[in-house]
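The values are calculated or read from the model by the stated rules, or taken from the named source; none is laboratory data. Values in this document were obtained by computation on a predicted structure and should not be read as measured data. All Cβ positions, glycine included, derive from the backbone under ideal geometry; neighbour counts span all protein chains shown. Surface accessibility is based on the protein's heavy atoms, side chains included, excluding ligands, DNA and RNA. Shrake-Rupley method; radii C 1.70, N 1.55, O 1.52, S 1.80 Å.
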Amino acid sequence: QVQLVESGGGLVQAGGSLRLSCAASVRLFSINVMGWYRQAPGKQRELVATITNDGSTNSVDSVKGRFTISRANAKNTVYLQMNNLKPEDTAVYSCYAWNSGYTYWGQGTQVTVSS
């Protein structure tokens, strides 16, 4: 069982930055993959970025060059640094962890970008 607690969402103007945090209840090296999804009103959930337990990262094209996923093993925390935010980035962002066939979710955090 993995528990995930997110923080860092909020309201920001276009061009601004936010950093989301996802604290896990277990050591990160024991989790195969962690990442972030987002879902905007009326849209399908979208995978934003992932990081594996060996540190490999990937992200969707729409955020490349603006968002960076990283991890702090000592804090059991994964981060999503979001720069140059755009109104179309507005969504509920949810952290997830995938391990041995099981997926765990955080509670979600709202990110709102005003134009």
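The figures follow:
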| read-out | value |
| --- | --- |
| Number of positions in the stretch 29-53 that are crowded, with 19+ Cβ neighbours inside 10 Å and modelled with pLDDT under 95 | 1 |
| Strands (runs of 3 or more DSSP E) enclosed by the stretch 72-115 - at least 3 residues per element that are of a type in the set (Val, Ile, Thr) and crowded, with 18+ Cβ neighbours inside 10 Å | 109-114 |
| Top-ranked residue in the stretch 54-71 [being open to solvent by 70 Å² or more (accessible area, probe 1.4 Å) and either under 14 Å from TYR96 (Cα atoms) or at pLDDT 95 or above (or both); ranked as nearest to the chain's Cα centre (by Cα)] | THR68 |
| Exclusive hit being touching a residue at least 12 places away in the same chain (Cβ under 8 Å), closer than 14 Å to LEU85 by Cα and outside any strand (DSSP E or B), set GLY15, GLY55 | GLY15 |
| Meets criteria (surrounded by 14 or more Cβ atoms within 10 Å (Cβ to Cβ) and at pLDDT below 95) for VAL2 | yes |
